[in-house]
Amino acid sequence: MSQLSMRKMMPALLLLCQPAWAEGEFWTFQPPATHIAQQIEGLHSYLMVVILAIFVLVFGVMFYAILRHRKSLGHDAKPFHENTTVEILWTLIPALILLGMAWPAASVVLAQKDTRGATMTIKATGFQWFWAYEYLDFGFGFKSKLATPQAQIDNHHNGGEAKGEHYLLEVDQELVVPVGQKIRILTTANDVIHSWGVPALGVKQDAIPGFIRDTWFKAEKIGTYRGQCVELCGKGHAFMPIVVKVVSDADFKTWIASQQARAKAMQDDPNKAWSDNDLLARGRQVYEANCATCHQADGKGSGPFPALAGSKIANGSKADHLHIVLNGKNAMPNWGSLSDVEIAAVLSYERNSWGNKAEMVHPSDVKTARGAK
Amino acid sequence: MHQAAHTHGGHEAAYESGWARWLYATNHKDIGTLYLWFAFAMFLTGGVMALCIRAELFQPGLQFWQPEFFNQLTTLHGIIMVFGAIMPAFTGLANWMLPLMLGAPDMAFARMNNWSFWLLPPAAALLLISLFVPGGAPAGGWTLYPPLSAQAGMGMDLAIFSIHLLGLSSIMGSINIITTILNMRAPGMTMLKMPLFAWTSLVTAYLLIAVAPVLAGAVTMLLTDRHFGTHFFSAAGGGDPVLFQHIFWFFGHPEVYIMALPAFGIVSQIIPTFARKPLFGYVSMVYATCSIAILSFMVWGHHMFAVGMPATAQLFFMFLTMLIAVPTGVKVFNWIATMWQGSMTFETPMLFAIGFVCLFTVGGFSGLVLSIAPVDTQMQDTYYVVAHFHYVLVAGALFSLFAAVYYWLPKWTGYMYHEGRGKFHFWWSMVWFNVTFFPMHFLGLAGMPRRIPDYALQFTSFNSIASVGAFCFGLGQLLFLYNVIHTIRGGVGPAPARPWEGGNTLEWEVPSPAPHHTWESPPDLTTVRRGLIAQAVEHEGESDEPKSENRA
C-alpha cells in the first residue's frame, strides 16, 4: 500500500491531518539525527531485504503449489512425507542467515550501551505526568510540561479547537543540548515507571522509580526532535512529550548562562518574612505546578485522586497534613524535595481555598516536621 | 465400518437434561462445548472493548472516553482475550477432540474437568465487575506493571483474584490433558503416532503447569505489596519494580507459545487433510514443538530491552530470541512441503489454515525484526509491537481456532455448515484483519507509542484506516456466530462420519454427530492404523505392518 493510494482512498481524512513531516517520512522511521539512529535504520533496511527475499521465495513455492497442485486440476497427491537432507538444510540455512543478522546487530548493541566519555550528564525524571530535567554539570533544572492547551485535546465540546502543528508534541520548556557532543541521560522516576524516548535520536530508556539507568545520544544536526513517554504510566501517559532542541555550541553557552541566572532569581529568599497573602500567592503557584494534575485546579480531585476541597486532612491538623505531604501515601508521592517555603505555601493555600478554612502553615512548621521525621 | 462396533445409542439417555447436564457435566464433549461457548462470549466481550478503543483512536483528540477509562479498556481487552478467549478455546478443543483422536473414552479426570471449567465464569465475572467498583477496572495494561498497578483501586484486587482462578483452571485443565495423553491412548497408538494436535496440546499443557504458578506468584506479591505492607516491588522499601517484569515475562513468554503451539497442532491436522497427503516431517514437527517450548523459557528478557540491562544480557537474549526462528521456520517449511505435490481443495478450514500460515509468518518476521535489540529500542512500546502480536494472536491463534471450528463442526453437530458463507467469513476476516493491523507497523516505525488515547497529527491517516478495518473485522464475526448457529440447526444437511475426503485421524471413525460416549472399548489396531495415514506412519513401508500386529 503506497502512501499515495492511501491518500486517494481517504481524502476527507487528509483535511484532518496536516502531516508535520514531509511526504514519505510518514510511514517509516523519522529521519535519524544520530549515528546510532542511522545504524538502527540501516539494520532495519537490511533485515527487510533479507525478510522480503525469504518471503518471496517461501511463499512463491507455496502459491505455486496452491495454484498447480489442486484436485480441481486433476493433480494426484504424492504421499512422500520426509526427506532428511532437505530437513537438515532448511534447519541449517536459516541458522546461517540469522548469524548474518546477529553480527552487525551485536556491534550496535555494544555501541548503544557504551555511555563512557560523555561531555555532560542530564538527569531526566519522569513524573505523573511530565518530565523534569536536571543539568547536573551546571547546577540547575526545570520541569518540561505539555504545552498543548486542553481545548485542543477535548473534542467533546464543539469538536475541539483546531489542533496546532505540534499537537501533543510540544512542551513549555524544551531540553536544550549542544550539537555534536555526547550527552549522557540518566533516567529515573518519581512515582511509576516512565520511559524516555526520542525516535530521531535512537534512544529509549525506561525511567524506574528508585533506580537510575543511563543512555546517551550525540546529535549530528541542529534541530528540534520530538518524542513521548513510551511506558504506560497512567491517565496522562499520552500527554508528557519530550522535546529536545539541539543548538550550536555558542547558543548552548548563552542558554546555559540565562538558565543559571533565572534559576537563581527563582529561588525563594530564605530570609524573607512571609506575609499570609504572599504565602498564599506563592502556594497557588506551587499547587498549580505540582498538585493540580491529580487533585485538579479546582481541588475536586479526579478518579482515584481524592478531592482536597472539604477534605479531612486539608481541614485537619497541621501535623497530619504535613505528614502526608512529606511522606506520601499510596499514589501520593512524597514531596520532600520541595523547599520548606514551597511546602508551607502550598499547604496554606490548600487549607484556605475552595471553601477550606484551617490555620496557615509556616516554613518553620515544615522545618520542625522534617526534624521530627 | 468400524463405528458400527461403537454405537452407543443405548447410553444416550444416561445424561441429565436441561441445566443440570451442563452444570454437572463430566462428559468431555459437553465440557468442550462449554469451554468453546465461554471462549466465544469472552471473544465478543473483548472484541467490543477493542472497538471502543478503535473508536476513540479514529481521530486525534479525546471524543468518547476519558484517558482513565481508555486505559481500563486496553487492560481488560488484553486480559480477556488472552485468558478468557484464546486459552479456554484451546482447552475446549483439547477436551472435545483429544479423547476422540486418541481412542480414549473420556478425559482422565472427569470431575476435575468440570471444576476447571466452572472456575472460569466467576473469574470472568470478577474482571467485568471491576469496571463498576470505585476507581474502576485495572488500568495498568494487561502486564500489570507495578508501581502503576499498586496505585490502582480495588479493581486491581479483583483482577488479581480473577487471575488466580484462571491460573487454577489452567493448571487443572493441563493436568487433565497430560494424564489423558500419557495414559489413555488406544493400544497401538504410540507417542510418535499421535496426531500432531495431541503433541502440541501436551507440550502446551506442560508449559502451563510450569508458568501459571509463576504468574500466580507475581500477582500475589503484588497483592501483598498493595495491602499487607510488603515491598517486593517498591524501591522505597528495598524492593525492585523491575523484579515484577522479570517474573511476569518468565511467565509471559512461554504464555505466547501456550497460545501458539495448539494453533500449530490444528494447522498440522488440517493441511494434510485437504492436501490429501501425510504431514511432511512429522518427527521434526515434534522436535520443533519441543525446542520452541524449551527456548521459550530463556528469552523473556527481550520484552525488557528498554528497561536497561547489561550489554551481555542484551546480547544473550537477542541471540536466543533469534534462534526461535529456526524451529518456527522448520514448521512453516513442513506445512508448505505438505501442500507440495498434494491434491488440494480449499474448503473453509483449509482457507483459514493457509491464511494462518501466511499471516503467522508475517508476525514471525516482525518478531525477528523485534528480536534485534537495537531495532527493538526504536520499536519497544510502539504500535509496531501491537501489530506484531496481533498478527501472531489474531491471524495466528484466532484464525487457527476458526479453522478448527469449521473443520470439526460437522463432527460436533452432525450437520454441514454453509460452505459459501464460511468462505465469505474467511475472505472478509482476511481482508479487514490486514486493513486493521498492517498500518500499525507504519505507525510503530514512525514512533507512535502504544496505549495512548490520543496521538500527534502525523499518525492520523493510519489510525483512521485501522479503526475502519477493526469495525468491519468485528462485524464479520457476527457472520461466524450465524454460521455456527445455522449449522447447529441443521446447516445444509446431515454430515457423514467422514465429511473430509482426506480426514484420516480417529475422530472421523465415529459417527457424526459424535455420540455422547465414544471409544468405550478402544479402537482395534487396524482402526488405529487406518487413522494414522495422515501421520505418515503408514507409509513407513508395508513390511512394518505384520510386525506390529504380531506384537499386539
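Can you say whether residue B:217 is modelled with pLDDT under 95 and surrounded by fewer than 24 Cβ atoms within 10 Å (Cβ to Cβ), as far as the supplied structure shows? Taking the combined requirement at face value, the residue does not satisfy it. For region A:292-341, a residue qualifies if it is of a type in the set (Ser, Thr, Tyr) and either closer than 19 Å to residue A:363 by Cα or at pLDDT 85 or above (or both), and the qualifying residues are A:311, A:317, A:337, A:339. Across region A:176-202, the qualifying residues are those that are closer than 20 Å to residue A:166 by Cβ and among the aliphatic types (A, V, I, L, M), and the one among them that is farthest from the other protein chains (Cβ to nearest Cβ) is A:176. Do you know which residues across region A:270-313 are in contact with a Ser or Thr (Cβ under 9 Å, 6 or more places away or on another chain) and of a type in the set (A, V, I, L, M)? A:279, A:280, A:308, A:309 - these are the residues of region A:270-313 that are in contact with a Ser or Thr (Cβ under 9 Å, 6 or more places away or on another chain) and of a type in the set (A, V, I, L, M). Scanning region B:222-250 for residues that are away from chain A (no Cβ under 14 Å), open to solvent by less than 40 Å² (accessible area, probe 1.4 Å) and of a type in the set (A, V, I, L, M, F, W, C) turns up B:223, B:247. Among the residues of region A:110-128, are any surrounded by fewer than 20 Cβ atoms within 10 Å (Cβ to Cβ), within 11 Å of chain B (Cβ to nearest Cβ), among the β-branched types (Val, Ile, Thr) and more than 30 Å from residue A:171 (Cα to Cα)? So far as region A:110-128 goes, no, none of its residues is surrounded by fewer than 20 Cβ atoms within 10 Å (Cβ to Cβ), within 11 Å of chain B (Cβ to nearest Cβ), among the β-branched types (Val, Ile, Thr) and more than 30 Å from residue A:171 (Cα to Cα).
Among the criteria (1) closer than 30 Å to residue B:240 by Cα; (2) at pLDDT below 95; (3) outside any helix (DSSP H, G or I), the one residue A:184 does not fulfil is (2).
For region A:320-353, the set of residues classified as open to solvent by 70 Å² or more (accessible area, probe 1.4 Å) and in contact (Cβ under 8 Å) with a residue 24 or more places away in the chain consists of A:323 only.
Each row is one residue, and each column tells you yes or no for (1) open to solvent by less than 90 Å² (accessible area, probe 1.4 Å); (2) more than 9 Å from chain B (Cβ to nearest Cβ); (3) more than 21 Å from residue B:354 (Cβ to Cβ); (4) not basic (Lys, Arg).
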residue	(1), (2), (3), (4)
A:47	yes, no, yes, yes
A:55	yes, no, no, yes
A:60	yes, yes, no, yes
A:64	no, no, no, yes
A:67	no, yes, no, yes
A:70	yes, no, no, no
A:74	yes, no, no, yes
A:80	yes, no, no, yes
A:85	no, yes, yes, yes
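Taken across region B:303-317, residues that are out of contact with any His (no Cβ under 9 Å at 6 or more places or on another chain), among the small types (Gly, Ala, Ser) and open to solvent by less than 10 Å² (accessible area, probe 1.4 Å) do occur, with at least one present. Filtered by the rule that a residue be open to solvent by 50 Å² or more (accessible area, probe 1.4 Å) and under 19 Å from the mean Cα position of the chain (by Cα), region A:148-164 gives A:149, A:150. So residue B:292 passes all but one of these: (1) closer than 24 Å to residue B:280 by Cα; (2) within 7 Å of chain A (Cβ to nearest Cβ). Which condition number does it fail? Every condition holds for residue B:292 apart from (2). Only residues that are open to solvent by 10 Å² or more (accessible area, probe 1.4 Å) and outside any helix (DSSP H, G or I) were counted in region B:325-342, giving 2. Here residue B:64 passes the criteria (1) part of a helix (DSSP H, G or I); (2) at pLDDT below 95; (3) under 24 Å from residue A:129 (Cα atoms) except the one numbered (1).
Taking (1) among the basic types (Lys, Arg); (2) in a helix (DSSP H, G or I); (3) without any contact (Cβ under 8 Å) to a residue 40 or more places away in the chain in turn, residue A:282 satisfies each apart from (3).
Of all residues in region B:262-288, exactly one satisfies the criterion of being surrounded by fewer than 24 Cβ atoms within 10 Å (Cβ to Cβ) and within 10 Å of residue B:203 (Cβ to Cβ), namely B:286. I'm checking my understanding of the structure. Among residues of region A:252-279 that are among the acidic types (Asp, Glu) and in contact (Cβ under 8 Å) with a residue 12 or more places away in the chain, which one is nearest to residue A:149 (Cα to Cα)? Within region A:252-279, the match that is nearest to residue A:149 (Cα to Cα) is A:268. A single member of A:145, A:204, A:235 is open to solvent by 30 Å² or more (accessible area, probe 1.4 Å), within 18 Å of the chain's Cα centre (by Cα), over 26 Å from residue A:253 (Cβ atoms) and not hydroxyl-bearing (Ser, Thr, Tyr), and it is A:235.
Would you check if there is a residue in region B:407-422 being open to solvent by 30 Å² or more (accessible area, probe 1.4 Å), among the small types (Gly, Ala, Ser) and without any contact (Cβ under 8 Å) to a residue 40 or more places away in the chain? Within region B:407-422, one or more residues are open to solvent by 30 Å² or more (accessible area, probe 1.4 Å), among the small types (Gly, Ala, Ser) and without any contact (Cβ under 8 Å) to a residue 40 or more places away in the chain. No other residue among B:80, B:31 is open to solvent by less than 10 Å² (accessible area, probe 1.4 Å), touching a helix residue (DSSP H, G or I) at 6+ places or on another chain (Cβ under 6 Å) and more than 26 Å from residue B:152 (Cβ to Cβ) apart from B:31.
Tell me whether region A:64-78 contains one or more residues that are at pLDDT 95 or above, among the aromatic types (Phe, Trp, Tyr) and closer than 30 Å to residue B:278 by Cα. Within region A:64-78, one or more residues are at pLDDT 95 or above, among the aromatic types (Phe, Trp, Tyr) and closer than 30 Å to residue B:278 by Cα.
Scanning region A:87-109 for residues that are more than 8 Å from chain B (Cβ to nearest Cβ) and in contact (Cβ under 8 Å) with a residue 24 or more places away in the chain, we see that the one that is nearest to the chain's Cα centre (by Cα) is A:104.
Looking only at region B:190-204, decide whether some residue is outside any helix (DSSP H, G or I), at pLDDT below 95 and surrounded by 22 or more Cβ atoms within 10 Å (Cβ to Cβ).
Yes, there is a match, as at least one residue in region B:190-204 is outside any helix (DSSP H, G or I), at pLDDT below 95 and surrounded by 22 or more Cβ atoms within 10 Å (Cβ to Cβ).
Reported count of residues in region A:207-232, each being facing another protein chain (nearest Cβ under 10 Å) and buried (at least 24 other Cβ atoms within 10 Å of the Cβ), is 8.
Scanning region B:515-527 for residues that are at pLDDT 85 or above, assigned to a helix (DSSP H, G or I), among the aliphatic types (A, V, I, L, M) and surrounded by fewer than 24 Cβ atoms within 10 Å (Cβ to Cβ) turns up nothing.
If you check B:137, B:210, B:152, which single one turns out to be touching a helix residue (DSSP H, G or I) at 6+ places or on another chain (Cβ under 8 Å), open to solvent by 10 Å² or more (accessible area, probe 1.4 Å) and not acidic (Asp, Glu)?
B:210
Return yes when residue A:138 is in contact (Cβ under 8 Å) with a residue 12 or more places away in the chain, touching a helix residue (DSSP H, G or I) at 6+ places or on another chain (Cβ under 6 Å) and either surrounded by 20 or more Cβ atoms within 10 Å (Cβ to Cβ) or over 21 Å from residue A:191 (Cβ atoms) (or both) and no when it is not.
Yes; evaluated as a whole, the condition is true for this residue.
The values are calculated or read from the model by the stated rules, or taken from the named source; none is laboratory data. Since the model is a prediction, treat every value here as computed from it, not as a measurement. Cβ atoms come from the backbone with ideal geometry, glycine included; neighbour counts cover every protein chain shown. Each accessible area value is taken on the protein alone, full model and side chains, heavy atoms only, with ligands, DNA and RNA left out. Shrake-Rupley method; radii C 1.70, N 1.55, O 1.52, S 1.80 Å.
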